[in-house]
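The values are calculated or read from the model by the stated rules, or taken from the named source; none is laboratory data. All of these numbers come straight from a predicted model, not from anything done at the bench. A quick note on method: Cβ atoms are made from the backbone with ideal geometry, for glycine too, and the neighbour counts reach across all protein chains shown.
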Amino acid sequence: MIHELYRKAGELHGHYCPGLAIGVRAAAIANERLGIKEKNKGLYCIAESGACYLDGIQHVFGTTIGNGGLKVMERGKSAFNFFDRDNGRAIRLLFLGTPDGLSREESIEYILTAPEEKVFSATKPHIEAPEYVFQRQNSAICALCGEECREGYMVQSEEGLICPDCAESRSGT
């Protein structure tokens, strides 16, 4: 099962690597520990760093940047906070590394098949998942550059609503 998930995640990712294996295994463990039977909009993941493992998480856990269920909070750690907002369950998985001296292929196999407590430390997240709220935002045309932008990002100026790029260029930042 885990090897099939890894193979399919690799099709999405474009290659096979230890980082992808980390994401696949973390998401599979999260699915099991949180009792996830099917992907749903209540699922959320906060990854503490961005790398190849994000594609494994997207494929197995079903959360993506596009569907609003995956966020990267850069902390430089191979750690993943998984949430099921529908039932209130959550888990943080921190990758513990692989034994020294393993080849690339051996590392992948270790990550995918070693006992989970040797691959990840599991704790309660110290980060809160946001509430699921779908908010459709209207768009407006920037009074300066003419580009369309979601209203929630625009700034009021003397000319009218302007986009963040125009606001930044006016302030010199």
What is the number of the single condition among (1) under 14 Å from the mean Cα position of the chain (by Cα); (2) over 20 Å from THR123 (Cβ atoms); (3) surrounded by 20 or more Cβ atoms within 10 Å (Cβ to Cβ) that ALA27 does not meet? (2)
Within the set of pairs 6+ apart or on separate chains, which have a first residue in segment 153-167 that is more than 16 Å from ASN138 (Cα to Cα), a second that is surrounded by 18 or more Cβ atoms within 10 Å (Cβ to Cβ) and at pLDDT 95 or above, and C-beta atoms under 7 Å apart? CYS166/CYS142
How many residues, within segment 105-140, are modelled with pLDDT of 95 or more and either assigned to a helix (DSSP H, G or I) or surrounded by 12 or more Cβ atoms within 10 Å (Cβ to Cβ) (or both)? 19
For segment 75-99, which residues satisfy the criterion of being basic (Lys, Arg) and either touching a helix residue (DSSP H, G or I) at 6+ places or on another chain (Cβ under 8 Å) or in a loop (DSSP other than H, G, I, E, B) (or both)? ARG75, LYS77, ARG85, ARG89
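Going by the structure shown, is ILE65 assigned to a helix (DSSP H, G or I) and β-branched (Val, Ile, Thr)?
Details: assigned to a helix (DSSP H, G or I): no; β-branched (Val, Ile, Thr): yes.
Here the answer is no, as ILE65 does not meet what is asked.
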Of all residues in segment 2-42 being among the hydrophobic types (A, V, I, L, M, F, W, C) and modelled with pLDDT under 95, the one that is nearest to GLU105 (Cα to Cα): LEU12
The lone condition ASN81 fails out of (1) of a type outside the set (A, V, I, L, M); (2) over 29 Å from TYR153 (Cβ atoms); (3) crowded, with 16+ Cβ neighbours inside 10 Å is (2)
Note down all Cβ pairs under 9 Å where the first residue falls in segment 87-113 and is in contact (Cβ under 8 Å) with a residue 12 or more places away in the chain and more than 25 Å from ASN31 (Cβ to Cβ), the second is of a type outside the set (Ser, Thr, Tyr) and assigned to a loop (DSSP other than H, G, I, E, B), and they're at least six residues apart or on different chains. ARG104/CYS17
Residue among ASN67, ASN40, ASN81 that is of a type in the set (S, T, N, Q), under 20 Å from LYS124 (Cβ atoms) and out of contact with any Ser or Thr (no Cβ under 9 Å at 6 or more places or on another chain): ASN81
Which condition does LEU102 not pass, out of (1) modelled with pLDDT of 95 or more; (2) surrounded by 14 or more Cβ atoms within 10 Å (Cβ to Cβ); (3) more than 22 Å from the chain's Cα centre (by Cα); (4) not in a loop (DSSP other than H, G, I, E, B), if it passes all the others? (4)
Residues satisfying the stated conditions in segment 38-71, i.e. of a type in the set (Ser, Thr, Tyr), under 12 Å from ASP84 (Cα atoms) and without any contact (Cβ under 8 Å) to a residue 60 or more places away in the chain: THR63
When segment 44-98 is examined, which residues are found to be in contact with a Cys (Cβ under 8 Å, 6 or more places away or on another chain) and aliphatic (A, V, I, L, M)? ILE57, LEU70
